Structure formats: C-alpha cells, structure tokens
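Chemist: First the structure, which I've put down as structure tokens, then a few questions once you've had a look.
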Amino acid sequence: MMGECIISVFERKDMTDPSPQPPLRIGIDLGGTKIEIIALDETGNELLRRRVATPQGDYAGTVAAVAGLVARVERELGRCGTVGVGIPGAESVATGLIKNANSTCLIGQPLRADLQTRLGREVRLANDANCFALSEAIDGAGQGAGVVFGVILGTGVGGGIVVDGRVLAGANRIAGEWGHNPLPYPGEESGEMPLCYCGRAGCVEAWLSGPALAGDHLRHAGQTLLPAEIAARAAQGDAACKATLQRYERRLAKALAQVINVLDPDVIVLGGGLSNLERLYANVPAYWSPYVFSDTVCTRLVRNRHGDSSGVRGAAWLWNDATEYRAS
C-alpha cells in the first residue's frame with residue numbers, strides 16, 4: 001500500500017505565524033548493521049536523529065524499517081520531508097536494481113521503487129561515498145569549493161565527486177569508484193599484488209584500506225597490529241611502524257595524484273577511520289607533486305568536518321536543489 005504523508009508541507013506552526021514551514025530534509029544512512037535517520041532544516045541544522053538495527057539478511061524488513069523511521073520522524077516533527085538514502089552500493093542504470101552492495105540482501109532488489117511505493121513520494125538514492133562527499137561539499141570541509149573529491153579510507157576504499165554542489169553519479173553510476181583502479185606508478189609495490197575482493201589484484205583498495213595497512217605491516221614487520229596501534233607506536237618512535245606509515249603515505253599520494261590528473265579537484269576530503277591519521281595531511285601532499293602533471297599543485301587535502309555524520313547528512317542534502325516538494 002502506498003504511504004501517505006498527512007501533514008501538509010505548508011502547514012503553519014501556529015495560527016499566529018503566517019509563514020509556511022519549508023519541508024524537512026530527511027537523510028537515511030542504510031548500513032550493514034544500523035539504519036540511521038536525520039532531519040535537517042532548510043539551512044542544515046539538525047532537528048532530530050534516530051537509529052535502529054538493520055534487519056540482517058531481510059530485504060523486506062529493511063524496507064519496512066526505513067519507512068517506519070521516516071514516519072516516526074515526520075510524526076515527531078509534525079511535517080513532511082524530502083527523503084534521500086545513502087546505500088553501500090549503487091543502482092543499475094539498466095535495471096533500476098541495486099548492484100555492488102556489501103549488504104548482499106539489497107543486491108538485485110528495486111530498492112528505490114519499493115521505498116517510493118511505501119512512502120508515497122520520490123526518493124533519491126546515492127552511494128554512501130557520494131553522500132559523504134556531498135555533505136562535506138555543502139557545509140563541511142569542502143564548503144565553497146567548485147569540485148570536491150571525497151575519499152573513504154576504512155574497511156574499504158571509496159570515493160565520491162561533487163561539482164557545484166551536486167553529486168556526479170556518472171553514466172554507469174560508478175563515478176568516484178577510485179578504489180577499484182590499480183595503484184599507479186608501481187615501485188616498491190612491483191612484487192606480488194594483494195588480492196582485492198572484486199577479484200582483481202593490486203587495486204587501490206587492496207593497498208589503502210585499513211585491513212590493507214595492517215596486512216602490509218604484517219608482511220614487512222611480522223607484527224599483527226591494528227592501524228591505530230601502528231600509528232601510536234610510530235608516534236613513539238617505533239621504526240617498523242614509521243616505515244609502514246611512510247609506505248602507506250607514498251601509496252596514497254600516488255593514487256590521489258592520479259585523481260588530480262583526471263579530475264583536478266579544488267579539495268580532497270578524507271573520511272573513514274584512517275582519516276584520523278593527522279600526519280597524512282602534511283606528508284601526502286609532500287609526496288604527490290612528482291606524479292601530478294603540473295608545475296604547482298593547488299589541490300588541498302583536508303580532514304572531514306562531520307565525521308561519521310557525513311553519510312547521513314549527505315543523504316539529506318541529495319535534495320539540496322529542491323525548490324518545491326509535494327507529498328502525495
């Protein structure tokens with residue numbers, strides 16, 4: 001049954017207030033373990049945030065959980081909203097079905113169509129890395145920049161592109177999928193290439209994810225350490241840990257230089273757990289200049305402003321160009 005938002009977006013706050021209320025911007029971060037929802041006002045102020053556990057392996061339950069969260073938020077705030085959803089995958093241009101999702105119950109499902117039916121309105125869907133990039137471009141570390149490349153350095157490696165405040169999805173909906181290109185300019189990496197989950201070897205993700213950093217340290221130092229432990233020991237002067245981070249920084253610099261050569265962004269914003277390595281922001285730009293086809297490199301490398309909230313905020317900002325919203 002099609003959902004219906006029964007609160008008019010033009011309903012007044014009270015009888016003495018003649019001005020209409022603009023619609024909420026509702027964002028949903030659909031993750032593998034949790035579903036988070038946020039409601040923003042028209043200027044980006046957070047009004048409300050809720051989260052529930054993701055129904056594991058249950059597609060119908062996931063759709064119902066998302067619809068239930070939207071209904072709950074609109075009930076609590078007394079007005080309707082536009083809805084944007086960030087997902088760990090992409091929507092196929094050919095079929096409208098979800099592909100490339102690490103939440104496997106979404107794969108092959110018409111998620112956007114099903115959500116639109118349940119909610120009774122248009123829903124905008126984007127990859128979670130695109131949502132991260134959009135959040136940081138609108139009111140985060142990349143605010144005011146014309147071209148922003150957002151990078152996720154975590155369990156996986158992803159990227160998103162925002163141009164003049166809008167996500168660049170691409171003809172195949174894979175714009176920014178930087179993590180599944182080969183690491184360029186092989187030097188010390190010219191030996192055996194690490195395998196990537198996508199089935200190829202030597203992908204950027206296979207070199208630059210959190211598990212990849214830990215694996216590189218194990219291969220070179222024979223120690224099993226988490227990335228945070230490697231960073232802490234390097235700060236204390238541990239030579240093996242310092243060498244591991246230097247290899248990581250050189251690889252990140254080469255990979256980002258390739259992005260600069262193709263996209264030439266104003267700013268690159270890092271997110272994910274490895275974005276907390278403060279040394280990256282000074283050391284990586286020092287390494288990337290020889291690989292960038294320019295006499296100077298004006299691109300800035302910066303840390304995200306919104307942290308773990310960027311994904312859900314970016315989902316809400318998928319409607320940043322909306323001038324009117326009608327609930328059915």
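The values are calculated or read from the model by the stated rules, or taken from the named source; none is laboratory data. Bear in mind that the values here come from a model prediction, so they are computed numbers and not experimental data. All Cβ positions, even for glycine, are placed from backbone atoms using ideal geometry, and neighbour counts span all protein chains on display.
Chemist: Just the residues that are surrounded by fewer than 18 Cβ atoms within 10 Å (Cβ to Cβ) and under 14 Å from residue 259 (Cα atoms), please, taken from region 183-209.
Modeler: Listed by number, the residues that qualify are 184, 185.
Chemist: Pairs please, first residue from region 170-182 and in contact (Cβ under 8 Å) with a residue 24 or more places away in the chain, second anywhere and of a type in the set (Val, Ile, Thr) and part of a loop (DSSP other than H, G, I, E, B), Cβ atoms under 9 Å, 6+ apart in sequence or on different chains.
Modeler: What qualifies is 171/93; 172/93; 173/93; 180/174.
Chemist: Considering only region 210-233, state which residues are in contact with a Leu (Cβ under 9 Å, 6 or more places away or on another chain), part of a helix (DSSP H, G or I) and surrounded by 15 or more Cβ atoms within 10 Å (Cβ to Cβ).
Modeler: The answer is 210, 213, 214, 217, 227, 230, 231, 233.
Chemist: Tell me which residues, restricted to region 272-286, are under 23 Å from the mean Cα position of the chain (by Cα), at pLDDT 95 or above and crowded, with 17+ Cβ neighbours inside 10 Å.
Modeler: If the condition is that a residue be under 23 Å from the mean Cα position of the chain (by Cα), at pLDDT 95 or above and crowded, with 17+ Cβ neighbours inside 10 Å, then 274, 275, 277, 280, 284, 285 are the ones that fit.
Chemist: Would a scan of region 209-223 turn up a residue that is farther than 30 Å from residue 135 by Cα and acidic (Asp, Glu)?
Modeler: Scanning region 209-223, I find at least one residue that is farther than 30 Å from residue 135 by Cα and acidic (Asp, Glu), so the answer is yes.
Chemist: Something else: So which residues in region 112-141 are within 21 Å of the chain's Cα centre (by Cα) and either polar (S, T, N, Q) or not in a helix (DSSP H, G or I) (or both)?
Modeler: Hits for region 112-141 are 123, 124, 125, 126, 127, 130, 135, 140, 141.
Chemist: Here's another thing I want to ask about it. Any chance you could count how many residues in region 116-150 are of a type in the set (S, T, N, Q) and surrounded by fewer than 22 Cβ atoms within 10 Å (Cβ to Cβ)?
Modeler: 3
Chemist: Filter region 235-283 for residues that are touching a residue at least 24 places away in the same chain (Cβ under 8 Å), part of a helix (DSSP H, G or I), under 27 Å from residue 166 (Cβ atoms) and among the β-branched types (Val, Ile, Thr) and give the result.
Modeler: 259, 260 - these are the residues of region 235-283 that are touching a residue at least 24 places away in the same chain (Cβ under 8 Å), part of a helix (DSSP H, G or I), under 27 Å from residue 166 (Cβ atoms) and among the β-branched types (Val, Ile, Thr).
Chemist: OK, next. Among the residues that make up region 287-296, is at least one of them within 17 Å of the chain's Cα centre (by Cα) and under 21 Å from residue 210 (Cβ atoms)?
Modeler: No: region 287-296 contains no residue that is within 17 Å of the chain's Cα centre (by Cα) and under 21 Å from residue 210 (Cβ atoms).
Chemist: Of all residues in region 84-99, count the ones that are farther than 13 Å from residue 54 by Cβ, touching a strand residue (DSSP E or B) at 6+ places or on another chain (Cβ under 9 Å) and free of Cβ contacts under 8 Å to residues at least 60 places away in the same chain.
Modeler: Within region 84-99, residues that are farther than 13 Å from residue 54 by Cβ, touching a strand residue (DSSP E or B) at 6+ places or on another chain (Cβ under 9 Å) and free of Cβ contacts under 8 Å to residues at least 60 places away in the same chain number 4.
Chemist: Taking the conditions exactly as written (assigned to a strand (DSSP E or B), under 27 Å from residue 203 (Cα atoms) and touching a residue at least 24 places away in the same chain (Cβ under 8 Å)), does residue 159 satisfy them or not?
Modeler: yes
Chemist: To continue, here is another question. List the pairs whose first member sits in region 313-328 and is outside the structural domain of residue 49 (by TED's automatic domain parsing) and in a loop (DSSP other than H, G, I, E, B), whose second member is exposed (fewer than 15 other Cβ atoms within 10 Å of the Cβ) and modelled with pLDDT under 70, and whose Cβ atoms are under 9 Å apart, counting only residues at least 6 apart or on separate chains?
Modeler: Partner pairs satisfying both residue conditions: 327/4; 327/6; 327/8; 328/2; 328/4.
Chemist: Next question. Just for strands (runs of 3 or more DSSP E) wholly inside region 24-91: which have at least 1 residues that are more than 18 Å from the chain's Cα centre (by Cα) and within 21 Å of residue 117 (Cβ to Cβ)?
Modeler: 24-30, 46-53, 81-87
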